[in-house]
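These notes are about the structure you will find just below.
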Amino acid sequence: MFSDKQLKNILDKAEILNAEEFDSLLQEAKQNGKKMEFFLMGKNIITPMILYENAASYYKIPFIDLKNQTIRKDILFLIPEPIATTHNIIAYETNNKEIKLAVIDPEDLEIFEFIKKKTGLNVNISLTTPENIKETLKQYHKSLKAEFNYLSDDKGEDKNKLEETKDLKKLAADLPVVRIVDTLLEYSIIEGASDIHIEPEEKNILVRYRIDGILKNVMVLPKTVQSGIIARIKILANLKVDEHRLPQDGRFKITNNEYKVAFRVSIIPAFDGEKIVLRLLNEKAQVLTLEQLGLQKTPLKVLKTNIKKPHGIILVTGPTGSGKTTTLYTVLNILNIPEVNISTVEDPIEYRMPHVNQSQVNAKIGYTFASGLRAFLRQDPDIIMVGEIRDQETAEIAVHAAMTGHLVLSTIHTNSAAATMIRLSEMGVPTFLIATTTNIIIAQRLVRKICPNCIQSFNLGKETVKELEKQLNIESLLKTLEKEKIIIDSKKGLKSLLFYRGKGCKRCNNSGYKGRIGIYEILENTEETSGLILKNANTREINKQAVKEGMLTMVEDGFIKAKNGITTIEEIMRVTKE
């Protein structure tokens, strides 16, 4: 789909509409809430064929009608289906020197460069219509179905189990299966996915990626490939191929010059077959600095002061997938100097750190966070990191370790920094120990960043302001923005402020977002806060005291980032909703 500017230039050059006529029709399209391209087609001013033929002439590239093309299967599969579908690209011809692509966006230069690198061939592009691409994409399914015709999911109940295992192993080594799995894994790395979901349904298999915290459909595969894909992933992760009734966990790695990625595999039996989720851990990822995490000046200063303390507890809290581990590793990286002995007990070890004694829990043999932590105390540690405090025993050992002169880092599941104190108390840790050993609590969420390629500014509408006023203390928020020197006059209200969002472009797959950053609240355990904990104060009272002492709340941190064009108000509301 062309942008309004591209469309205007194409139609002007083709003498179909001049600039004045185009602008007049564009206003009409906007009033009707329609995209200009479809609006013009609805009015029969252009047809897809006329538009794309003239666009080819405008960009000085050939036009191709794929309806008349027979594409060889080996050429079609030079571009994996997820890439072909996402970027609307079809490989239709090739020789020793070049690959010919049919595209609908001649300016998608990044993907052309990727294909050139992947195939080792020069890229030669031609323009075609979206309908042509849509029809040709169906050939991927036809080819896969043809290749899997000889397979059947219906195996006899009385079939020898050894034979079934052999069949599944043979199936896992089949070229089409290997190709599908390789494509899924490689494309997930390119797209920066954090998880791959392979979900069996009644008639097909759905593949989804979690990108920037949001699940997106990537491809739909025929049901006949199910056994082969599951068997292939089980073999890669060294799991039992013939076990279909019990959950299984494993891991494997993919390493080349460009990346080193570990895949954590979880398989569970579901109604229509086994569901697979793979978590991607990029082992070549650089450990971030505290500044890169996205902390504001005051909280950053508080954190830096507290990690220098020789003993006590530093807790990071938030839901699953909120970046807690990344924050812990960042702090650990600063503390990792030759003069100290650092030990960690994790589940699992997500990133390897040099000079750190990392240990992984194993519930099967009774090696838990608590038993690991107890063993560490006999290893003369200075700093201990516990993956998660999830029971009373771990909480008590961690607190006693902090009390006896160790610096303890860990994560815990609560919704806010203030709620963490209460959670520890609920776990059975005496309040006097919580009050004396806790240094700071970092609560966090991850928000999507606005795509820098298509960022645009706007003022909030009346309805949005009303909605925000219902959910938030706007007066307090604006005063915080004024105090942080983000705005000059808080009395003018939200309506006067400029905010930002992404329009949506090829680079961000039309989502308007690219990448993620944290929003934080850091609660420092001061004398006043300790006093409240000893009095068994509730979450609200602890939070009120922390704010009084200058704690920036997560929503305030988010609003500062939204005002600075890093994220959107919608994102802040989405992740801080409780």
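The values are calculated or read from the model by the stated rules, or taken from the named source; none is laboratory data. Just so it is clear, the structure is predicted and the values come from calculations on it, not from any experiment. Cβ atoms come from the backbone with ideal geometry, glycine included; neighbour counts cover every protein chain shown. The accessibility values were calculated without ligands, DNA or RNA, using every heavy atom of the protein model including side chains. Shrake-Rupley method; radii C 1.70, N 1.55, O 1.52, S 1.80 Å.
If we only count helices (runs of 4 or more DSSP H) wholly inside segment 460-578, which ones have 2 or more residues that are hydrophobic (A, V, I, L, M, F, W, C) and in contact with a Phe, Trp or Tyr (Cβ under 7 Å, 6 or more places away or on another chain)? Give the steps one after another, and end with the answer.
Values: elements: 462-471, 474-483, 527-534, 539-548, 554-563, 569-576.
Passing ranges, in order: 474-483, 554-563, 569-576.
Only one of N341, N357 is of a type outside the set (A, V, I, L, M), open to solvent by 10 Å² or more (accessible area, probe 1.4 Å), more than 29 Å from the chain's Cα centre (by Cα) and farther than 28 Å from G428 by Cβ; which?
On the way: N357 fails: more than 29 Å from the chain's Cα centre (by Cα).
Unique residue meeting the criteria: N341.
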Selection from segment 356-366 of residues that are assigned to a strand (DSSP E or B) and small (G, A, S): S359
Test: residue in segment 63-78 that is in contact with a Gly (Cβ under 8 Å, 6 or more places away or on another chain), farther than 24 Å from N217 by Cβ and surrounded by fewer than 19 Cβ atoms within 10 Å (Cβ to Cβ): no
Count of segment 509-530 residues which are under 16 Å from T568 (Cα atoms) and either open to solvent by less than 10 Å² (accessible area, probe 1.4 Å) or within 14 Å of the chain's Cα centre (by Cα) (or both): 9
Any hit, segment 295-317, residues being touching a Phe, Trp or Tyr at 6+ places or on another chain (Cβ under 9 Å), crowded, with 19+ Cβ neighbours inside 10 Å, at pLDDT 90 or above and not in a helix (DSSP H, G or I): yes
Residues that are touching a residue at least 60 places away in the same chain (Cβ under 8 Å) and either polar (S, T, N, Q) or open to solvent by 50 Å² or more (accessible area, probe 1.4 Å) (or both), drawn from segment 115-129: S126, T128, T129
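Yes or no, residue by residue, for (1) without any contact (Cβ under 8 Å) to a residue 24 or more places away in the chain; (2) touching a Leu at 6+ places or on another chain (Cβ under 8 Å):
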| position | (1), (2) |
| --- | --- |
| I268 | yes, no |
| Q286 | yes, no |
| V302 | no, no |
| G321 | no, yes |
Only listed residue being touching a residue at least 12 places away in the same chain (Cβ under 8 Å), within 30 Å of K169 (Cβ to Cβ) and open to solvent by less than 20 Å² (accessible area, probe 1.4 Å), chosen from V207, V220: V207
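Could you tell me whether any residue of segment 533-541 is open to solvent by 30 Å² or more (accessible area, probe 1.4 Å), aliphatic (A, V, I, L, M) and in contact (Cβ under 8 Å) with a residue 12 or more places away in the chain? Outline the logic, then answer.
Residues of segment 533-541 that are open to solvent by 30 Å² or more (accessible area, probe 1.4 Å), as a first pass: 534-536, 538-541.
Applying the additional criterion that residues be aliphatic (A, V, I, L, M) yields 534.
So of that shortlist, the ones also in contact (Cβ under 8 Å) with a residue 12 or more places away in the chain come out as 534.
Checked against the condition, which is being open to solvent by 30 Å² or more (accessible area, probe 1.4 Å), aliphatic (A, V, I, L, M) and in contact (Cβ under 8 Å) with a residue 12 or more places away in the chain, segment 533-541 yields at least one hit.
Give the residues of segment 8-51 that are of a type in the set (F, W, Y), closer than 19 Å to E131 by Cβ and touching a helix residue (DSSP H, G or I) at 6+ places or on another chain (Cβ under 8 Å), sorted by residue number.
Let us first name the residues in segment 8-51 that are of a type in the set (F, W, Y), namely 22, 38-39.
Narrowing the set further to residues that are closer than 19 Å to E131 by Cβ leaves 38-39.
Within segment 8-51, F39 is the sole residue that qualifies.
Does V261 qualify as being closer than 30 Å to I560 by Cβ, hydrophobic (A, V, I, L, M, F, W, C) and either in contact (Cβ under 8 Å) with a residue 40 or more places away in the chain or in contact with a strand residue (DSSP E or B) (Cβ under 9 Å, 6 or more places away or on another chain) (or both)? Write out each step before concluding.
Numbers: closer than 30 Å to I560 by Cβ: no; hydrophobic (A, V, I, L, M, F, W, C): yes; either in contact (Cβ under 8 Å) with a residue 40 or more places away in the chain or in contact with a strand residue (DSSP E or B) (Cβ under 9 Å, 6 or more places away or on another chain) (or both): yes.
No.
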Lone unmet requirement of (1) surrounded by 15 or more Cβ atoms within 10 Å (Cβ to Cβ); (2) at pLDDT below 85; (3) touching an Asp or Glu at 6+ places or on another chain (Cβ under 9 Å); (4) aliphatic (A, V, I, L, M) for I486: (3)
Positions within segment 367-390 being open to solvent by 10 Å² or more (accessible area, probe 1.4 Å), over 10 Å from T344 (Cα atoms) and not in a loop (DSSP other than H, G, I, E, B), in sequence order: Y367, S371, R374, A375
Answer residue from segment 89-112, given it is assigned to a loop (DSSP other than H, G, I, E, B) and open to solvent by less than 40 Å² (accessible area, probe 1.4 Å) and is nearest to K506 (Cα to Cα) among those: D108
Count - residues of segment 7-33 that are without any contact (Cβ under 8 Å) to a residue 12 or more places away in the chain, surrounded by 15 or more Cβ atoms within 10 Å (Cβ to Cβ) and not aliphatic (A, V, I, L, M): 1
